[in-house]
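Here is the structure we will look at.
Only the coordinates and a few stated rules stand behind these numbers; no lab work does. What you see is a predicted model; the values in this text were computed from it and never measured. Positions of Cβ are backbone-derived with ideal geometry, glycine not excepted, and every protein chain shown enters the neighbour counts.
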Amino acid sequence: MNSINSAKSLPLELYFGGTFNPVHHGHLQVALEISENLSADSVYLVPNYLPPHKASPDVSAAHRSAMCELACQIDAKFKVDARELVQTGASYTIATLKQLRAEKPDTSICFLIGMDSLQTLDTWREWKTLTEYAHLVVAARGGYQANFNPDIQSFLEKHQTRQASELHQKKNGCVYLVNTSELMISASQIRSRYQNKQNCLCLLPDAVNEYIMLNHLYQR
């Protein structure tokens, strides 16, 4: 874990976007580890309404938001930011970050993505401007090493920092890579297990499993 300067001048909030269909221990473990690494004040799960790079979720926004609320019981710093669920179109990260920056002008905003997302960052809307509104924190699960195309490599060379303390001293502008544990869990695997009436208790929080069973989600 990196040591954070005790004289930090900015509160730091970590935002983690995804379909969370359903939210599971793989999501939560990565977010918790990184929040500890950064000494984050808050961790927000940001469920997407319609993700631009994935198929539309097969359960409602209300169900996914409710499951995220239940998952946040693991730690007092976890919260849900459901702003993207009130939209009627695709959820673009740049729009969310612009809103957050306008609302929180004196906060270090850190947006958490996976290494796979960093490799394809140049397919995101207005991707080169993301760091004008937030820091990008990249989860390198299991020390996974990626290859970047020249555009993304140039972006990294311009913005990457290896000091977590820098994210407390600046409101935005950095890309910070963090090695995290690798939990071999996927939402598609969980959905398949529910469809086949298999036990999922080891893959997600008990409260989320109970909600799924009560509402007959992911079951044929």
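Between 108, 192, 65, the residue with the greatest mean-square fluctuation in the GNM of the chain (Cα pairs under 10 Å linked by springs) is 192. Axis angle, to the nearest 10 degrees, between helix 93-103 and the longest C-alpha principal axis of the chain: 70 degrees. Against the chain, whose longest principal axis comes from its Cα atoms, helix 150-159 is set at around 70 degrees. Remark: the Cα gyration tensor places the range 164-208 in the prolate category, a/c being 1.5 or greater and a/b exceeding b/c. Suppose a student asked you for the relative contact order of the range 12-183, using Cα pairs under 8 Å spaced at least 6 residues apart; what percent would you report? Worked out over the range 12-183, it gives 25 percent. Compared with the dominant principal axis of the Cα atoms in the chain, helix 61-71 is inclined by about 80°. In a DSSP loop and with at most 12 other Cβ atoms within 10 Å, the trypsin sites (Lys or Arg not before Pro) in the range 96-161 are 125.
Using only alpha carbons, the chain has a radius of gyration to Kirkwood radius ratio (Rg to Rh) of 0.96.
As a test of the formula, what do you get for the chain when each DSSP H run with n ≥ 4 contributes -39,500 (n - 2.57) and the sum is divided by the residue count, at 222 nm and rounded to the nearest 500 deg cm²/dmol? Before the final figure, lay out each step's value.
On the way: 8 runs with 74 residues, N = 220.
The per-residue figure over the chain is -9500 deg cm²/dmol.
Net length available on complete extension from residue 10 to residue 179 is 58.5 nm, with 0.36 nm assigned per residue and the Cα-Cα distance removed. Summed over all non-identical Cα pairs, the Kirkwood treatment of the range 83-181 gives a radius of 14.1 Å. Annotated for the chain: lysine pairs at least 8 residues apart or interchain, Cα distance under 12 Å, count 4.
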